[in-house]
1. Scan segment 150-162 for residues that are surrounded by 12 or more Cβ atoms within 10 Å (Cβ to Cβ) and more than 15 Å from the chain's Cα centre (by Cα) and jot them down.
2. Can you name every residue in segment 101-129 that is open to solvent by 10 Å² or more (accessible area, probe 1.4 Å) and either assigned to a strand (DSSP E or B) or aliphatic (A, V, I, L, M) (or both)?
3. Among the residues that make up segment 57-65, is at least one of them surrounded by 14 or more Cβ atoms within 10 Å (Cβ to Cβ), of a type in the set (A, V, I, L, M, F, W, C), at pLDDT 95 or above and in contact with a helix residue (DSSP H, G or I) (Cβ under 7 Å, 6 or more places away or on another chain)?
4. Listed residues R94, R86, R147; which is of a type in the set (K, R), surrounded by fewer than 21 Cβ atoms within 10 Å (Cβ to Cβ) and out of contact with any Gly (no Cβ under 7 Å at 6 or more places or on another chain)?
5. Spot the failing condition for L88; the list is (1) modelled with pLDDT under 95; (2) among the hydrophobic types (A, V, I, L, M, F, W, C); (3) over 23 Å from R136 (Cα atoms), and only one is missed.
6. Please enumerate the residues belonging to segment 130-144 that are part of a strand (DSSP E or B) and within 24 Å of L19 (Cα to Cα).
7. Can you tell which of I41, I73 is over 27 Å from L165 (Cα atoms) and crowded, with 20+ Cβ neighbours inside 10 Å?
Amino acid sequence: MAAGHEIVLVKWIGMEGMLRIAGEKEEELRRRFAPVFVRQIQSYRKDLFAGKELEIARNAGVSEVRQITEGGILAALWELAKESGRGLDLDMKRMSILQETIEVCEQYRVNPYQLTSAGSFLMVTKEGKKLTDALRRNHIQASIIGRMTAGNDKIIHNGGDVRYLDRP
């Protein structure tokens with residue numbers, strides 16, 4: 001993972017955490033939201049499995065694949081930087097999140113950026129556009145969220161605001 005390599009987010013942050021909460025709080029969610037909303041949440045269970053995504057990554061020459069697990073995307077990004085000895089330059093607005101995840105997180109006052117996201121991956125590659133194009137051709141959500149840098153700073157841009165990634 002060299003400086004300049006791009007970081008691609010595959011699928012959505014917080015997806016597994018949203019599904020766990022929905023499983024535990026299904027009755028509450030059914031009272032709060034329309035039935036179609038709850039069914040839509042349940043439909044994402046199929047996205048927890050990622051055979052096609054990993055095959056595409058292998059064929060695209062991805063140098064690193066990291067599943068987003070406990071601690072969410074922020075912890076996964078921290079660990080990626082720590083293990084690589086590199087810094088990060090990230091755009092929070094490019095991190096894909098499902099509207100259903102936002103609604104569930106607001107209902108239970110949970111930070112979606114810290115939710116476990118099995119089925120979602122960070123992939124590091126020289127050619128982020130090539131990878132995202134290949135994933136999208138296969139109807140898989142993917143976006144370039146940033147790049148590796150030569151320093152140690154872990155910078156997150158959120159519109160006009162700039163902050164540093166905190167240790168999880």
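1. Let us first name the residues in segment 150-162 that are surrounded by 12 or more Cβ atoms within 10 Å (Cβ to Cβ), namely 153-158.
Scanning segment 150-162 gives D153, K154, I155, H157, N158.
2. Within segment 101-129, the subset open to solvent by 10 Å² or more (accessible area, probe 1.4 Å) is 102-103, 106-116, 118, 121, 126-127, 129.
Residues satisfying the conditions are I102, V110, L115, A118, F121.
3. Applying the first criterion (surrounded by 14 or more Cβ atoms within 10 Å (Cβ to Cβ)) to segment 57-65 yields 57, 60, 62-65.
Restricting the remaining residues to those that are of a type in the set (A, V, I, L, M, F, W, C) gives 57, 60, 62, 65.
Checking the rest, the ones that are also at pLDDT 95 or above come to none.
Scanning segment 57-65 turns up no residue that is surrounded by 14 or more Cβ atoms within 10 Å (Cβ to Cβ), of a type in the set (A, V, I, L, M, F, W, C), at pLDDT 95 or above and in contact with a helix residue (DSSP H, G or I) (Cβ under 7 Å, 6 or more places away or on another chain).
4. Values: R86 fails: surrounded by fewer than 21 Cβ atoms within 10 Å (Cβ to Cβ); R147 fails: out of contact with any Gly (no Cβ under 7 Å at 6 or more places or on another chain).
Result: R94 is the single residue among R94, R86, R147 that is of a type in the set (K, R), surrounded by fewer than 21 Cβ atoms within 10 Å (Cβ to Cβ) and out of contact with any Gly (no Cβ under 7 Å at 6 or more places or on another chain).
5. (1)
6. Applying the first criterion (part of a strand (DSSP E or B)) to segment 130-144 yields 142-144.
If the condition is that a residue be part of a strand (DSSP E or B) and within 24 Å of L19 (Cα to Cα), then A142, S143 are the ones that fit.
7. Numbers: I73 fails: over 27 Å from L165 (Cα atoms).
Going through I41, I73 in turn, just one is over 27 Å from L165 (Cα atoms) and crowded, with 20+ Cβ neighbours inside 10 Å: I41.
The values are calculated or read from the model by the stated rules, or taken from the named source; none is laboratory data. Given the structure is predicted, the values throughout are model-derived calculations rather than measurements. Because the Cβ atoms are built from the backbone with ideal geometry, glycine has one as well, and the counts that use them run over all protein chains shown. In case anyone asks, the SASA skips ligands and DNA or RNA and just uses the protein heavy atoms, side chains included. Shrake-Rupley method; radii C 1.70, N 1.55, O 1.52, S 1.80 Å.
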